[in-house]
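The structure appears right after this line, and notes come after that.
Quick note: the coordinates plus some simple rules give every number you see, no bench work behind them. As the structure is a prediction and not an experimental result, all values here were calculated from the model. Reconstructed Cβ throughout: ideal geometry from the backbone, glycine too, with neighbour counts over all protein chains shown.
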């Protein structure tokens, strides 16, 4: 199952705070159609009915079935640049 770094969890919590209060607010990673090579990340008010839910340190990530399979052995990390821009990246989970 996908894991989150401490940094990614903090960034997701901060994004949720900026976009309004909701207990189920999180980010959603979904596939572009049937293309497992192209994933999209968006802020979501809650999971879709078929999503798998990953929760870490109060941060919620919703994965559609294709994304859940592709990211099963991965870790999500985040960076914030000097201008406050956020980038997420996927890494192999540490052994």
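State all residues of segment 52-83 that are farther than 15 Å from residue 13 by Cα and over 12 Å from the mean Cα position of the chain (by Cα); if no residue qualifies, say none.
65, 66, 69, 70, 72, 73, 81, 82, 83
For segment 68-95, which positions are surrounded by 10 or more Cβ atoms within 10 Å (Cβ to Cβ) and within 16 Å of residue 18 (Cβ to Cβ)? Please lay out each step first, then the result.
So in segment 68-95, the residues surrounded by 10 or more Cβ atoms within 10 Å (Cβ to Cβ) come out as 68-80, 86-91, 93.
Answer for segment 68-95, where residues must be surrounded by 10 or more Cβ atoms within 10 Å (Cβ to Cβ) and within 16 Å of residue 18 (Cβ to Cβ): 78, 80, 86, 88.
Just to be sure, is residue 54 surrounded by fewer than 19 Cβ atoms within 10 Å (Cβ to Cβ) and in contact with a strand residue (DSSP E or B) (Cβ under 9 Å, 6 or more places away or on another chain)? Give the derivation first.
Numbers: surrounded by fewer than 19 Cβ atoms within 10 Å (Cβ to Cβ): no; in contact with a strand residue (DSSP E or B) (Cβ under 9 Å, 6 or more places away or on another chain): yes.
Judged against the criteria, residue 54 is not a match.
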